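The values are calculated or read from the model by the stated rules, or taken from the named source; none is laboratory data. Just so you know, these numbers come straight off a predicted model, no measurement behind them. Neighbour counts run over all protein chains shown; Cβ positions are idealised from the backbone, glycine included. Only protein heavy atoms, including side chains, enter the accessible area calculation; ligands, DNA and RNA are left aside. Shrake-Rupley method; radii C 1.70, N 1.55, O 1.52, S 1.80 Å.
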Amino acid sequence: MDDRMTDRTPRVVVGVDGSPNSVVALRTALAEARRRAAELYAVTAYLPVDGGWAIGPGPAPDPDRRKAAAALERTCRSALGTDPGGAPLTAAVVRGPARHVLTDLADRPQDLLVVGLGRQGPLRRLLRSSVARDCVRHARCPLLLVPPSGLARDYRKGLRRWNGWLGRQADDMVRTALDDDGVPRA
């Protein structure tokens, strides 16, 4: 941690994962940081795909960390441009589960934790816990949950429609490529 994290200056900590919802959360966090005269901390948490077992002692390249850093940079540029305007910004990539990383960083009563609410279907909710829900349970500071924007909802709808259309096109291509017996045509 750098020295500013131990300072008593109010902080606004926002979780960023590269999704359209995190862009909205980052913009909301910037507005809150300006309003509170606080420092803005944009944080991306990541877990290595291999669980971290492949990384031995010494400095080793971590492709998962690089991907997370690239996603954080893209999201910050998309949400804030090149200048956050009025609030000191610290961007950090931290290894660990998002719920633990965020609640550990926003650990003081004067901090504010900002988390975007992603929509989860019933199956995904059953298989995977929500970061927002876990932050609600474990936060030691005020928490601001940011709902998805209308644009993000429209994007998801359009993506579902596109995937449906693409799937139908692929099915048609397979049908035309196969005989009635299921044998490829020459």
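Give the residue that is nearest to C135 (Cα to Cα), with candidates limited to residues of region 11-39 that are of a type outside the set (A, V, I, L, M) and open to solvent by less than 30 Å² (accessible area, probe 1.4 Å).
Taking the candidates together, the pick is G15.
Taking the conditions exactly as written (over 20 Å from L143 (Cα atoms), open to solvent by less than 40 Å² (accessible area, probe 1.4 Å), under 14 Å from the mean Cα position of the chain (by Cα) and modelled with pLDDT of 65 or more), does A42 satisfy them or not?
It is false that A42 is over 20 Å from L143 (Cα atoms), open to solvent by less than 40 Å² (accessible area, probe 1.4 Å), under 14 Å from the mean Cα position of the chain (by Cα) and modelled with pLDDT of 65 or more.
Report every pair of residues separated by at least 6 positions or lying on different chains whose Cβ atoms are under 8 Å apart, first residue within region 7-28 and at positive phi, second buried (at least 17 other Cβ atoms within 10 Å of the Cβ).
Pairs found: G18/T44; G18/A71; G18/L72; G18/T75.
Are there helices (runs of 4 or more DSSP H) fully within region 88-186 with at least 3 residues that are open to solvent by 90 Å² or more (accessible area, probe 1.4 Å) and modelled with pLDDT under 65? List them.
The qualifying helices (runs of 4 or more DSSP H) are 122-127, 150-177.
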